[in-house]
Every structure is written in C-alpha cells, then in structure tokens.
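The values are calculated or read from the model by the stated rules, or taken from the named source; none is laboratory data. Being a predicted model, the structure only gives us computed values, none of them experimental. For neighbour counting, all protein chains shown are included, and Cβ atoms are generated from backbone atoms with ideal geometry for every residue, glycine included. For the accessible areas, the whole protein counts, side chains as well, though only heavy atoms, and no ligand, DNA or RNA atoms are used. Shrake-Rupley method; radii C 1.70, N 1.55, O 1.52, S 1.80 Å.
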Amino acid sequence: LAAVAAVNPNVVVLLSAGAPVETPWAGQCRALVYGALGGQAGAGAAADILTGKLCPCGKLSQTWAQAHDDPPAKANFGGEGRNVEYREGLYIGYRYFTTAEKAVRFPFGYGMSYTTFAYSDMVADEQGVSLTVTNTGSVAGTEIVQLYVAKKNSELFRPAKELKGFARVTLAPGEKQRITIMLDDKAFRFWNVKANRWEIEGGEYELLVGASVEDIRLCEKISVHGTATVHPYEDR
C-alpha cells in the first residue's frame, strides 16, 4: 500500500476480514471499503459499491480499536491456558470504549455513504422516539438510525450508553420520512442482585439518536418511574 500510494495517492483499499484489524495504514488510502467475508458474491457486491452502482449503507457491528491491546479482553482472550474468562462484565465492545472514553479507530455503528442524512424534530417518551430523516445529498441512499439509552449519575454499574433500537430507512435525494423506533420492556431494566429479579432504576434518562455510538445527532430527556425496592449494593 505504501509503495502504490507513493506513486498514486488515489488509492482505495478493499479489505476482506472476518473481524476488526489494526489499521495504522488507513491514512495512506483515500477510502477504505470493508467487505467483511463477502463469500461467493462478494466481488460483485464490491464492484457495485466501487463503481457507484450502489450506495454503501453498512454500519459496523463491532468497535475497531486503534491497537490490539486496547480492548479490555486482552488479558483473558487468546492468552495462556485452556480457558477464556469473560471478565469484562457489562463493559464489552462499545460499552467499554464509551464508558472509559477511550479513543478508537472506527466506532460501533459507524459507516459512510455517497449521500448525507439530516435528523430533526424528535419526540420521545418511555415507549420510544419518532423523528424525521432527510436525504440531503444527491443520490439515493439508506440510513440506519440508532437509538441509545443513557442515565447520568446512575447508582448502578452500567455502561455510559447502550443501543436499544434502530431503524433502516431508504430515501431518494431530497426525500424525508418520519420514522419511529420503539423501546421494549428491556430498555431500562437491570438485574437487581439483591432482590434477585429484573427492576428499573427510576429517574431521568437520555434518549440519544445518532448515526453511530459517537455521532449523536439528537437528544431528549425523559423521566422513568423506578421499581427497585432495595439497593443492589446494600451492605457492600
């Protein structure tokens, strides 16, 4: 890549891989197309993306760290011995990186497109959110709108924000559409180890809508009624 980029900087890298990899070379190419494991039809799909026949719309389902040693699982996964221990607890993937405020190469939910989208006019309550998505670019495209839930000053061990819903919308240039992302009965609950059941921590929550876990476009605060009868960390 370095040798080719030195001769012609207009280089696009088509990456085929089954999991995130280190990308210190990303600055040496004009674009990076992640084809994952495309299989038998992967080449045709990549050609459609590279030639503009199709507008890319994929979003990353994993965080791409800057280095192999950045994820919290580094001490337990792929190490010595025959056992792997899941020691991250709730702080796995983006839940760790956002809570620890650790910089990443590409965040969870990230993905580029040949067009652009604007979010506006969000209305939120405990049941979910509704908002307007507009294609502000010059080509048709598809956007995956993501809904995260966060609770500041929580008394629980919980990630800074968690994905609780998403919606996929396809729009022509200039087109706008009203979409709704519903929240289910699991959106606010936690496992109360003291009461031995699922409960809800009452108080103010933030409903965050964005194009990735880091690209939050809209935010609304709501009040949620709590059901917890005993503090989970009492006497600890």
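Restricting the chymotrypsin sites (Phe, Trp or Tyr not before Pro) of segment 95-159 to loop positions (DSSP other than H, G, I, E, B) with no more than 14 neighbouring Cβ atoms within 10 Å leaves PHE157.
Given LYS53/LYS102; LYS53/LYS161; LYS74/LYS161; LYS164/LYS194, which pairs have Cα atoms separated by over 31 Å? Long pairs (Cα-Cα over 31 Å): LYS53/LYS102; LYS53/LYS161. The trypsin sites (Lys or Arg not before Pro) found in segment 1-99 that occupy coil by DSSP, while having at most 15 further C-beta atoms within 10 Å, are ARG30, LYS53, ARG82, ARG87.
In segment 44-111, carbon and sulfur make up what percent of the accessible area (probe 1.4 Å)?
Working: 2320 of 4530 Å².
The computed percentage sits at 51.
Taking every pair of alpha-carbon atoms in the chain, give the share separated by more than 30 Å as a whole percent. Before the final figure, lay out the partial values.
Working: 10688 of 27730 pairs.
For the chain, the share of Cα pairs beyond 30 Å comes to 39 percent.
Solvent exposure of the chain amounts to 60 Å² per residue of accessible area, where only protein heavy atoms count and the probe is 1.4 Å. Partner aspartates and glutamates whose Cα lies under 17 Å from the Cα of LYS221, excluding those fewer than 8 positions away in the same chain, are identified as ASP121, ASP125, GLU126, GLU162, GLU201, GLU204, GLU206.
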